[in-house]
Amino acid sequence: MQENHFDTVIIGAGPAGNAAAYSLSPHQKVMIIESDLWGGTCPNRGCDPKKILYGVINEKLQEQRFSSTGLKSQSNIDWPALMKFKRSYTDSVPTGTKSGLKSAGVATIHGSASFVNSHTVMVDQKQISADNFIIATGAFPAIPDLPGKNLFATSDDFLSMKQLPKTIGFVGSGFVAIELANIARVSGATVHIFQHNDRILRRFSTDYTNELAKILSERGIKFHWNSQIKSLTENNGSVSVKATDGETKVDMMISAIGRPANIKGLNLAKIGIKASSKGIKVNNHLQTSLSNIYAVGDVIDKTQPKLTPVASLEGKYAAENILKQKEPISYPAVPEIVFSSPELAEVGVSLETAQAQTNKYKILNQQVGGWYSYHRLMDQNAQVATIIDKDSGLLVGAVVLSVNAEELINYFTEIINDKVSPTDVSARIPIYPSTASDLSYFYF
């Protein structure tokens, strides 16, 4: 039995689990259990492959923006070649991840874990015990419970398509739907988005999401606002989508209504760990209701964004807390972005919060399409909102809608987290002209 006992066992080999494993392995006997692909969702069938596709798509859109400036070629997307490019990265992720863990001295096992008690799990009839456990099993794509639900595909299916369907439908309008719909549309597909209300991306500021929806509509994405899907039926190889606004035929229908916590089969209730549909309940040390069992990443119920860097931070924190009791976890300002052409990004205090508390915050909302940094990219729709704390004069929030929002939002995030004053920002000498050289103009 001793060989099957570990100081810490981690369930899930995604970014959160791997961060914990690498932090613990120099100090403890560690095992990591994975039931699917080593590396987890992000590098295998999530943010990394999606951005590989997006990078090519965005170049096509940039070419279109430059069509009146002297660039006369017109490219087409070769979907099989694009997917081959994606696989040139993703195909090596599982073996590379597992190899790296083994090199770090982490024991690995492939299978589904189920708790027997607070110190024991079963993995395909094999009993493994540990002093501590870290649950890092992530989330999975939800499917609406309605007639014909077996006809729904998911983002996993989209990111492994050998050929691009002529017509694709999405239910939902969060990160997954908006990003994949944009990729499909620019690649040449007809795209429908069915949304139960009249807005997209509920985590982002309405003023900016409305503008993004307008841009995507002009690109040709068909939004079915206030539409409830009633059923799906197969129709000569296609899918008929019956909704409150009528019937639409698509070649592929993708569910993008959210990603619940992946806790099925863990047997959490039996051992007294509290969880909801939003995830596992944890305290401010990321401990579950059993103090020797931690949960990290997308599997936990939290207000912080469920993003890869956050998951990695939590995995490392849980490991460090196991080694030596730490102060409660503290999160910096965390930027969020939708890779949607243009990109929409936010960080810190939201625009809605600032608009509701004008006694506390100043808002500078600027159309920046005419600024040099955006004019040179023909990014005429670019706009930026910055939120300033009236008492301190510090930047505390920002929203960016532009073709390269990721760069500017990263600068804003550093300024917010480091509490850099407007005076100090103005005193810096960045490369000119560049996005960084614009920073001082986003203050009053």
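The values are calculated or read from the model by the stated rules, or taken from the named source; none is laboratory data. What you see is a predicted model, and the numbers here were worked out from it, not measured in a lab. Neighbour counts run over all protein chains shown; Cβ positions are idealised from the backbone, glycine included. Please note that ligands, DNA and RNA were not included when accessible areas were found on the heavy atoms of the full protein model with its side chains. Shrake-Rupley method; radii C 1.70, N 1.55, O 1.52, S 1.80 Å.
Name the single residue that is nearest to I178 (Cα to Cα) among those in region 209-218 being open to solvent by 20 Å² or more (accessible area, probe 1.4 Å) and touching a strand residue (DSSP E or B) at 6+ places or on another chain (Cβ under 9 Å). Filtering region 209-218 for residues that are open to solvent by 20 Å² or more (accessible area, probe 1.4 Å) and touching a strand residue (DSSP E or B) at 6+ places or on another chain (Cβ under 9 Å), the one nearest to I178 (Cα to Cα) comes out as S217. Of the residues making up region 119-143, just one is modelled with pLDDT of 95 or more, surrounded by fewer than 16 Cβ atoms within 10 Å (Cβ to Cβ) and in a loop (DSSP other than H, G, I, E, B), namely I143. Taking the conditions exactly as written (open to solvent by 20 Å² or more (accessible area, probe 1.4 Å), without any contact (Cβ under 8 Å) to a residue 40 or more places away in the chain and among the charged types (D, E, K, R)), does K98 satisfy them or not? No: the conditions fail for K98.
Restricted to region 332-444, the set of strands (runs of 3 or more DSSP E) holding at least 1 residues that are among the aromatic types (F, W, Y) comprises 361-367. Inspect all residues belonging to region 396-412 and state whether any of them is open to solvent by less than 10 Å² (accessible area, probe 1.4 Å), under 24 Å from T69 (Cβ atoms), under 21 Å from the mean Cα position of the chain (by Cα) and without any contact (Cβ under 8 Å) to a residue 60 or more places away in the chain. Among the residues of region 396-412, at least one is open to solvent by less than 10 Å² (accessible area, probe 1.4 Å), under 24 Å from T69 (Cβ atoms), under 21 Å from the mean Cα position of the chain (by Cα) and without any contact (Cβ under 8 Å) to a residue 60 or more places away in the chain, which makes the answer yes.
Taking the conditions exactly as written (of a type in the set (A, V, I, L, M, F, W, C) and under 23 Å from P26 (Cα atoms)), does I143 satisfy them or not? Full working, then the answer.
Working: of a type in the set (A, V, I, L, M, F, W, C): yes; under 23 Å from P26 (Cα atoms): no.
So I143 does not fit the description; no.
Mind listing just one residue for me: the one in region 351-364 that is in contact (Cβ under 8 Å) with a residue 24 or more places away in the chain and surrounded by fewer than 17 Cβ atoms within 10 Å (Cβ to Cβ) and, of those, farthest from the chain's Cα centre (by Cα)?
Of region 351-364, the ones in contact (Cβ under 8 Å) with a residue 24 or more places away in the chain are 351-354, 359-364.
Now drop any that are not surrounded by fewer than 17 Cβ atoms within 10 Å (Cβ to Cβ), which leaves 352-353, 359-360, 362-364.
On the way: E352: 22, T353: 23, N359: 33, K360: 31, K362: 29, I363: 27, L364: 27 Å.
Result: N359.
Number of residues in region 263-293 that are touching a helix residue (DSSP H, G or I) at 6+ places or on another chain (Cβ under 6 Å) and part of a loop (DSSP other than H, G, I, E, B): the value is 2. Taking the numbered list (1) closer than 14 Å to Q304 by Cα; (2) without any contact (Cβ under 8 Å) to a residue 24 or more places away in the chain in turn, V334 passes all entries but (2). Count of region 309-323 residues, restricted to those that are within 12 Å of G17 (Cβ to Cβ) and either aliphatic (A, V, I, L, M) or open to solvent by 50 Å² or more (accessible area, probe 1.4 Å) (or both), is 4. When residues in region 145-172 are screened for being surrounded by fewer than 21 Cβ atoms within 10 Å (Cβ to Cβ) and of a type in the set (V, I, T), 2 of them pass. The C-beta contact set for region 296-309 (first residue within 16 Å of V347 (Cβ to Cβ), second residue open to solvent by 40 Å² or more (accessible area, probe 1.4 Å) and part of a loop (DSSP other than H, G, I, E, B), distance under 6 angstrom, 6+ apart or interchain) comprises Q304/Y331.
Would you list the helices (runs of 4 or more DSSP H) that sit entirely within region 27-110 and hold 1 or more residues that are touching a Phe, Trp or Tyr at 6+ places or on another chain (Cβ under 9 Å) and under 26 Å from L307 (Cα atoms)? Outline the logic, then answer.
On the way: elements: 41-45, 47-65, 79-90, 93-103.
It comes to 41-45, 47-65, 93-103.
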